[in-house]
Amino acid sequence: MNIAYLCTSKKEITNYIPINMKKFILGVLALASAWSSAWAAEKSFTSPDGKLTVVVDDANGAATYRVNLGTTEFLGRSPLGLKTNMGDYTQGLTLAGCEVKEVKESYDLRNIKQSHVDYEATEAVCSFEQQGRKVIDVIFRVSNRDVAYRYRILPQRDTKVCVVNEEASGFQLPEGTTTFMCPQSRPMGGFARTSPSYETSYTDDDQMGKNGYGEGYSFPCLFHLGDKGWVLISETGVDGSYVASRLLNVNGGLYKIGFPQQGECNGWGSTSASVGLPSETPWRTITLGTTLAPIVETTVPFDLVEQKYKASQEYIYGKGSWSWIIGMDNSCNFDEQKRYIDFSAAMGYQTVLIDAFWDKQIGYEKIAELAAYGKTKGVGLFLWYNSNGTWNDAPQTPIGKMDKSRERRAEMAWMKSVGIRGIKVDFFGGDKQNMMQLYEDILSDANDFGILCIFHGCTLPRGWEKMYPNYAASEAVLASENLHFGQGSCDAEAHNATLHAFIRNTVGSMDFGGSTLNKYYDANNRRGTHRVTSDVYALATAVLFQSAVQHFALAPNNLTDAPAWAIDFMKNVPTTWDEVKFIDGYPGKYVIMARRTGNKWFIVGVNAQDETLKKNIDLSMFDKNAELQVYSDDAELNGSVSTVKAKKQITVTIPKNGGLVIVNK
Ligand code: CA
């Protein structure tokens, strides 16, 4: 039954027929309409293991989908569709059919949570027509733990380009669901008018039906469906050919995709996406399960995207030190950076990150000297840049070097000539398409010169570890700088760590810059904000927070004032991993998980609750009788390390703000 056709003919008929007759015909049409919606096309398809089911239908001319895990509804009937300047593809739609096939792919990626991925999913391409013409396909991918979809927008007659003004793409969560989400900031606010940059706080187990500060929420967004399980909503595959989006509340449990705000990027650029036809939009991703394991372990941000260019060289990831987090702007001077190069060398680290104002306080010539000095010690340099531009008031320099191609490439040619390892570009202007293009341009230019890229004051990475081979990590989190800026952040440090492990860090590398071993965020380790977390906590988060490139908040004085076992651990901790396993936890309360590299498993835990956590942990991942090193805290947060033989289980305790690490020797 073609509803779109009925709607059109209704209008035509009523224009030419006497009134009484009209009433009669309208009555018949209304009946036909009700009847046709009961007979609306409905297609369903399932994950490879048959447990996840997606049902797509076109009742009343609106495209919708719903998601079940087993017999439990995880997403109720949720809208699909787009509004473009070619047409409104949210109504008058008919589902022409779904073409279903199996997808099996394998890939290797050393800079994500899992080095080798065997991806298996059901793909369903559902075609929608409007007035008899094919207008959009909704391409679904259903793996055993994720549902994802994107649109293919089809050209109409001679139209080769179009503007997407809005997506209907929605997510209908069941009643009683609670949320763990970060409000999206309003544009041109915060420090030096640099927002939004994904640096707001979560509210744990919040009620649905709110809309953050009025502007929705930043991805990823976590939902707790009570006894049923968990849902994480995000997106992936965003580049310069679309906008990055956020999650808006429509009402109650219904959320939808929101496009950028007008004021972002100082008003420059559209809130819409301008695309060539045919065009495929970014993927909307829904990761779900009865426990948090699918969310911690998902690789969906990477499964659905392709590498956009070849690496110009084999990039070196690894660890580094970073003076700014303890010493701030004044530490960005020649002598202190030389001292940090020596410190990195003493730790066996690969890099030093030199933060803002190096151009003024050190200068280009002396940076070249530092780079040459670092080279003799096996330590490469990362240099900080302001992305501005015309979209923030931040005074930090260098400035005007990253926003335009000619200046950027000249700067990068200089970097290559003196042997700079990477850049950290800060203070981006939001999520509009022009900003997404800037990220992509910086990355692809940097690859030409063999430079790794870290982004700060930035958007969430959306599949970028796979798309861009020289992408290292992004901040997009309330990161370690806040521990220096305010005691409140120090007091909430463990609480936030237990959120990041289940939300932000599950979808992409997180440049947190933590694992502080100083007692105080101060060059003399005597005043300022003070750390309330334990040394073992610092070790645990070095594993918990995943990023292939890490710049830890360690300081040269830690070589003598921190426990030797802590320094030894930080010297040897890996930054790339083969596998991750969720063990236990609850966002905002505690987390226990494990990462593997080769035959070494690191079980790590953090507790943010007032009461000491006591848990039995299964040790079956280790060989029987393997020698394990257990790093743990006593009730006063005094850490120690002991050696035990692997058995079936171990009982562990983690006090508030404490940590746990278990690793085989
Ligand atoms: Ca920041």
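The values are calculated or read from the model by the stated rules, or taken from the named source; none is laboratory data. The structure displayed is predicted, hence computed values, not measured ones. Virtual Cβ from ideal backbone geometry, glycine too; neighbours counted across all protein chains shown. For the accessible areas, the whole protein counts, side chains as well, though only heavy atoms, and no ligand, DNA or RNA atoms are used. Shrake-Rupley method; radii C 1.70, N 1.55, O 1.52, S 1.80 Å.
Looking only at residues in segment 616-649 that are polar (S, T, N, Q) and either more than 15 Å from Val663 (Cβ to Cβ) or touching a Pro at 6+ places or on another chain (Cβ under 6 Å) (or both), which one is surrounded by the most Cβ atoms within 10 Å (Cβ to Cβ)? Give the steps one after another, and end with the answer.
Residues of segment 616-649 polar (S, T, N, Q): 616, 620, 625, 629, 632, 638, 640, 642-643, 649.
From the residues that got through so far, the ones that are either more than 15 Å from Val663 (Cβ to Cβ) or touching a Pro at 6+ places or on another chain (Cβ under 6 Å) (or both) too are 616, 620, 625, 638, 649.
Details: Asn616: 11, Ser620: 10, Asn625: 9, Asn638: 13, Gln649: 11.
The extreme case among them is Asn638.
Looking at (1) more than 16 Å from the ligand (Cβ to nearest atom); (2) surrounded by fewer than 20 Cβ atoms within 10 Å (Cβ to Cβ), can you tell me which one Asn447 breaks?
(2)
If we keep just the residues of segment 508-520 that are touching a residue at least 40 places away in the same chain (Cβ under 8 Å) and farther than 27 Å from Tyr439 by Cα, which is farthest from the ligand (Cβ to nearest atom)? Walk me through how you get there before you give the answer.
Keep residues of segment 508-520 that are touching a residue at least 40 places away in the same chain (Cβ under 8 Å), which gives 508-509, 511, 513, 515-518.
Next, only the ones that are farther than 27 Å from Tyr439 by Cα stay: 515-518.
On the way: Ser515: 17, Thr516: 16, Leu517: 22, Asn518: 20 Å.
Among them, the one singled out is Leu517.
Could you list, in sequence order, all residues of segment 549-577 that are hydrophobic (A, V, I, L, M, F, W, C) and farther than 19 Å from Ile354 by Cβ? Before you say what the answer is, go through the steps one by one.
Taking segment 549-577 first, the residues hydrophobic (A, V, I, L, M, F, W, C) are 549, 552-555, 559, 562, 564-567, 569-570, 573, 577.
Passing the criteria: Leu559, Ala562, Ala564, Trp565, Ala566, Ile567, Phe569, Met570, Val573, Trp577.
So in segment 467-507, with the set limited to residues that are of a type in the set (Gly, Ala, Ser) and part of a helix (DSSP H, G or I), which one is nearest to the ligand (Cβ to nearest atom)?
Filtering segment 467-507 for residues of a type in the set (Gly, Ala, Ser) gives 472-474, 476, 479-480, 486, 488-489, 492, 494, 497, 501.
From what's left, part of a helix (DSSP H, G or I): 488-489, 494, 497.
On the way: Gly488: 16, Ser489: 12, Ala494: 20, Ala497: 17 Å.
Looking at residues that are of a type in the set (Gly, Ala, Ser) and part of a helix (DSSP H, G or I), I get Ser489.
In segment 228-260, what residues are open to solvent by less than 30 Å² (accessible area, probe 1.4 Å), in a loop (DSSP other than H, G, I, E, B) and within 18 Å of Arg462 (Cβ to Cβ)?
Scanning segment 228-260 gives Gly237, Val238, Asp239, Gly240, Tyr242, Val243, Ala244, Ser245, Phe259, Pro260.
When you scan segment 450-459, how many residues do you find that are of a type outside the set (Val, Ile, Thr) and more than 16 Å from the ligand (Cβ to nearest atom)?
Step one: of segment 450-459, the residues of a type outside the set (Val, Ile, Thr) are 450, 452-453, 455-458.
Restricting the remaining residues to those that are more than 16 Å from the ligand (Cβ to nearest atom) gives 450, 452.
Number satisfying all stated conditions: 2.
Could you pull out the residue among Asn664, Asn657 that is within 17 Å of Lys600 (Cα to Cα) and touching a Leu at 6+ places or on another chain (Cβ under 9 Å)?
Details: Asn657 fails: within 17 Å of Lys600 (Cα to Cα).
Going through Asn664, Asn657 in turn, just one is within 17 Å of Lys600 (Cα to Cα) and touching a Leu at 6+ places or on another chain (Cβ under 9 Å): Asn664.
Residues in segment 133-180 that are under 20 Å from Ala293 (Cβ atoms) and at pLDDT below 95: how many?
Final tally of qualifying residues: 0.
Residue-wise test of (1) within 25 Å of Thr298 (Cα to Cα); (2) small (Gly, Ala, Ser).
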site	(1), (2)
Ser489	no, yes
Ala494	yes, yes
Thr498	yes, no
Ala501	yes, yes
Asn505	yes, no
Phe512	yes, no
Tyr520	no, no
Ala523	no, yes
Arg526	no, no
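Find the helices (runs of 4 or more DSSP H) located wholly in segment 324-379 whose residues include 3 or more that are open to solvent by 50 Å² or more (accessible area, probe 1.4 Å) and out of contact with any Gly (no Cβ under 9 Å at 6 or more places or on another chain), and list them. Break it down stepwise before answering.
Working: elements: 324-327, 334-347, 358-361, 364-376.
Here the list reads 334-347, 364-376.
Lys615 fails exactly one of the following numbered conditions: (1) without any contact (Cβ under 8 Å) to a residue 60 or more places away in the chain; (2) not in a strand (DSSP E or B). What is the number of that condition?
Tallying (1) without any contact (Cβ under 8 Å) to a residue 60 or more places away in the chain; (2) not in a strand (DSSP E or B), Lys615 fails exactly one: (2).
Give me a count of the residues in segment 398-427 that are in a loop (DSSP other than H, G, I, E, B), farther than 23 Å from Ala372 by Cβ and touching a strand residue (DSSP E or B) at 6+ places or on another chain (Cβ under 7 Å). Steps first, please.
Kept after step one, since they are in a loop (DSSP other than H, G, I, E, B), are these residues of segment 398-427: 398-404, 419-421, 427.
If we keep only those that are farther than 23 Å from Ala372 by Cβ as well, we get 399-400, 402-404, 427.
So of that shortlist, the ones also touching a strand residue (DSSP E or B) at 6+ places or on another chain (Cβ under 7 Å) come out as 399, 402, 427.
Total satisfying the criteria: 3.
With the requirement that a residue be over 10 Å from Tyr385 (Cα atoms), open to solvent by 30 Å² or more (accessible area, probe 1.4 Å) and not acidic (Asp, Glu), what does segment 396-411 give you?
Hits for segment 396-411 are Lys404, Ser405, Arg406, Arg409, Ala410.
Can you tell me which residues in segment 542-591 are assigned to a helix (DSSP H, G or I) and touching a His at 6+ places or on another chain (Cβ under 9 Å)? Walk me through it before giving the result.
Initial filter on segment 542-591 (assigned to a helix (DSSP H, G or I)): 542-544, 558-561, 564-572.
Within segment 542-591, Leu544 is the sole residue that qualifies.
Does Asn211 satisfy the criteria of being assigned to a loop (DSSP other than H, G, I, E, B) and either open to solvent by 20 Å² or more (accessible area, probe 1.4 Å) or over 19 Å from Leu499 (Cβ atoms) (or both)? Walk me through how you get there before you give the answer.
Values: assigned to a loop (DSSP other than H, G, I, E, B): yes; either open to solvent by 20 Å² or more (accessible area, probe 1.4 Å) or over 19 Å from Leu499 (Cβ atoms) (or both): yes.
Against the criterion (assigned to a loop (DSSP other than H, G, I, E, B) and either open to solvent by 20 Å² or more (accessible area, probe 1.4 Å) or over 19 Å from Leu499 (Cβ atoms) (or both)), Asn211 qualifies.
If you take the residues of segment 416-467 that are under 22 Å from Thr299 (Cα atoms) and charged (D, E, K, R), which of them is farthest from the chain's Cα centre (by Cα)?
Here the answer is Glu440.
In segment 282-323, what residues are assigned to a loop (DSSP other than H, G, I, E, B), within 23 Å of Ser241 (Cα to Cα) and β-branched (Val, Ile, Thr)?
Within segment 282-323, Thr299, Val305 meet the criteria.
Do the conditions hold for Gly132, that is, is it within 22 Å of Gln172 (Cα to Cα) and either open to solvent by 10 Å² or more (accessible area, probe 1.4 Å) or touching a residue at least 12 places away in the same chain (Cβ under 8 Å) (or both)? Break it down stepwise before answering.
Details: within 22 Å of Gln172 (Cα to Cα): no; either open to solvent by 10 Å² or more (accessible area, probe 1.4 Å) or touching a residue at least 12 places away in the same chain (Cβ under 8 Å) (or both): yes.
When the stated conditions are applied, Gly132 does not pass them.
Looking at Arg462, is it within 16 Å of the ligand (Cβ to nearest atom) and in contact with a Pro (Cβ under 8 Å, 6 or more places away or on another chain)?
Details: within 16 Å of the ligand (Cβ to nearest atom): no; in contact with a Pro (Cβ under 8 Å, 6 or more places away or on another chain): yes.
Against the criterion (within 16 Å of the ligand (Cβ to nearest atom) and in contact with a Pro (Cβ under 8 Å, 6 or more places away or on another chain)), Arg462 does not qualify.
Could you list, in sequence order, the residues of segment 168-188 that are of a type outside the set (D, E, K, R), away from the ligand (no atom under 14 Å from the Cβ) and not in a strand (DSSP E or B)?
Listed by number, the residues that qualify are Ala168, Ser169, Leu173, Pro174, Gly176, Thr177, Gln184, Pro187, Met188.
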